[in-house]
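Written below as structure tokens is the structure these notes are about.
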Amino acid sequence: MSGRLDGGGPLASMRAWWTMLAICLEERLVYRGDFALGTLMRFLPMVTQVFLWTAVFAATSRRDVAGYSRNDIVAYYLLAMLTRAFSSMPGLSTGIARSIRDGSVKKYLVQPVDYVSFLLAARIAHKLVYYAVAILPFGGVFIACRGFFPPPPDATTMSIFVLSLVLSFLLGFFMEATLGMIGFWVLEVSSLVFAYMLVQYLLSGHMFPIDMLAGIPTGLPGTSLADVVRWLPFEYTAYFPAAVWLGKIRGPDLVRALAIEAAWVVVMAIACRVAWKRGTRRYAAFGG
Amino acid sequence: MHNSGPSSVAAPVIEVAGLAKEYRVYDKPEGLWASVRGLLHRTSRVVEALRGVNLTVGRGEFVALLGPNGAGKTTFLKLLSGIITPSRGTARVLGHVPWERADDFRRRFALVMGQRNQLWWDLPAAESFRLHKEIYRLDAARFERTRDELVDLLGVKKLVLQPVRELSLGERMKLELVAALLHEPEVLFLDEPTIGLDVVAQHTIHEFLRHVQAERRTTVILTTHYMKDVAALCERVVVITHGDIVHDGPLAEIVDRFTTHKIVTLDLDDPSATARIERCGFPCEVRGPRVVLRIDRQRIADVLPEILRSDGVRDVSVEDVPLEEIVAELFRSGAPERRAVVETAR
């Protein structure tokens, strides 16, 4: 006597996941109000960046810095901001750490549901609702600033740009989720999150295009700082998609960068899974 | 591989042997300086939350797990539901080792904690139910039938479409129970399900649990501090103190074993009669015209007619010692000196 459906398999998992997504969407819609203002606020730091670069270009006779004209710089910051709307995960790692600390993570140990899949559904819902609201301020700013952009890229570049955005979402998700799961070992992850944010800010291209690190030697012959950063995951969460749109990376370099990004997504997804497995084992042994 | 086939009527649903759980707790001495030193050197102790417990529960049993705060009740339920792993010992629930957390096992039991919310806070409970339908992979028609039945039994039809955060504690608890029982679990663990609820809500939940349990032959383990829960629901009582099971048997047996006397309450016409009653030598308490006597159970048949013959007795009632008192006695009888802690330093 039971109400269980036997079998099910991947199809049933998909259905469960879709329901999770739908329910997370409904939940997010309860809080739709605070998004609109928050989004506009995001553009404020950019205004100072634009002023700063305007001053830089006024003070020098050079027409470009590391291959970026003043217009390129403005377009770059706007595109990096757009990428960060995909790759940044506000509250993800601290939320995971909180659920571990206050014990609400238990629910996912007792119920036949996968926590990482659930978090992913919740985050996609979060993003979809965010985009639905943020499209207005984003669209407004992009239209107002259209004069700074070079002509739009061709269809192939455009599709690679979209792909790199989707990958940047996944990369950001798995990096921050893994970071949050460190909460199984240390109760308070906020200082770790802070350190991560700092590195992220410097090396993702959020602060300046990574091309500007090309002139900085690392001590290794023929290797600049930009060459090193290329192999790290950070620049794929802000710089890379923007550089694709602006045509800064082409040909074999583009293929290689895309492969590195995809590889990091796989590595971080595995890291997240492993952290969950080991973390719950530790939780079961010491905490609970 | 473990046996996951349907358990036969004879096979026990829960089998626990030598189950022990130790926790390491860190002492945090008072004061700022001590806290700074604590960064380098912390002293810790090992606390034995559960000290080698044996228990066998058959299908359809309704077991009360009683014990004072910190006795190990919740630790025991966490072990049985696979949230934590034991330090020693074995457990099988429905043929599964709980802490392996096989999906097949997790679809067949439910855990309800009175102080923890499983429902989505900002959404109506109906949405949480819908999610349960998918994660427990329930057949649509069956899900609807079960849901409607449970909702009817608890009288919460009007509440399922209201955001959970707007509901009262009692209403929320009822919906938690519906959510937990949607997948018709064969084993149900209830950790203080009636905590903080008013008498009416408690009664509704008793009726509900009794009905559902009888209908489905669910195996239930319930922890509680309310003896009303026990008296209304459980035939079997397991008492844990200091991590050990100190009693396991039918409720009636406990009452029998620990009730050495009866409570006799007399209402007197004449307050002067109290002196006469007091002289009869039983411990007694005078509250105005009312006298409460504790009389040895063996002697009650002899003593009572004698008392009733005396003048001025208008009314009499004979009651058992309240269950609370019996259980408090049982809790005290658990050996506290065995709660050894191992001092260690790190």
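The values are calculated or read from the model by the stated rules, or taken from the named source; none is laboratory data. Computed from a prediction, not measured in an experiment: that's the story for all the values here. Cβ sites come from the backbone with ideal geometry, for glycine too, and all protein chains shown count toward neighbours.
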_Residue satisfying condition, being under 23 Å from the mean Cα position of the chain (by Cα) and either surrounded by fewer than 18 Cβ atoms within 10 Å (Cβ to Cβ) or at pLDDT 90 or above (or both), within set A:165, A:109_ = A:165
*Would you mind finding the one in A:13, A:93 that is modelled with pLDDT of 85 or more, polar (S, T, N, Q) and touching a helix residue (DSSP H, G or I) at 6+ places or on another chain (Cβ under 9 Å)?*
A:93
*Number of positions in the stretch B:117-138 that are of a type outside the set (Phe, Trp, Tyr) and within 7 Å of another protein chain (Cβ to nearest Cβ)*: 10
_Failed item in (1) within 20 Å of residue A:276 (Cβ to Cβ); (2) surrounded by 18 or more Cβ atoms within 10 Å (Cβ to Cβ), with residue A:102 passing the rest_ = (2)
*Checking residue A:238 against (1) among the hydrophobic types (A, V, I, L, M, F, W, C); (2) in contact with a His (Cβ under 7 Å, 6 or more places away or on another chain); (3) surrounded by fewer than 19 Cβ atoms within 10 Å (Cβ to Cβ), the condition it does not meet*: (3)
*Answer yes or no as to whether residue B:141 is touching a residue at least 24 places away in the same chain (Cβ under 8 Å), surrounded by fewer than 22 Cβ atoms within 10 Å (Cβ to Cβ) and more than 8 Å from chain A (Cβ to nearest Cβ).*
no
*So which pairs qualify, if the first residue must be in the stretch A:35-53 and charged (D, E, K, R), the second must be modelled with pLDDT of 70 or more and surrounded by 10 or more Cβ atoms within 10 Å (Cβ to Cβ), the Cβ gap must be under 7 Å, and the two must be at least 6 apart or on different chains?*
A:42/A:81
*asked:* Checking the conditions here, which among B:164, B:112, B:151 is under 26 Å from the mean Cα position of the chain (by Cα), surrounded by 18 or more Cβ atoms within 10 Å (Cβ to Cβ) and touching a residue at least 60 places away in the same chain (Cβ under 8 Å)?
replied: B:112
*Of (1) closer than 27 Å to residue B:332 by Cβ; (2) touching a residue at least 40 places away in the same chain (Cβ under 8 Å); (3) part of a loop (DSSP other than H, G, I, E, B), residue B:89 satisfies all except one. Which?*
(3)
*Quick check, is residue B:253 surrounded by 13 or more Cβ atoms within 10 Å (Cβ to Cβ) and modelled with pLDDT under 80?*
no
*asked:* If a residue must be without any contact (Cβ under 8 Å) to a residue 40 or more places away in the chain, within 8 Å of chain A (Cβ to nearest Cβ) and farther than 23 Å from residue A:24 by Cα, how many such residues does the stretch B:92-109 contain?
replied: 2
*For the stretch A:43-70, what are the residues that are surrounded by 15 or more Cβ atoms within 10 Å (Cβ to Cβ) and of a type outside the set (D, E, K, R)?*
A:43, A:46, A:49, A:50, A:53, A:57, A:65, A:66, A:68, A:69
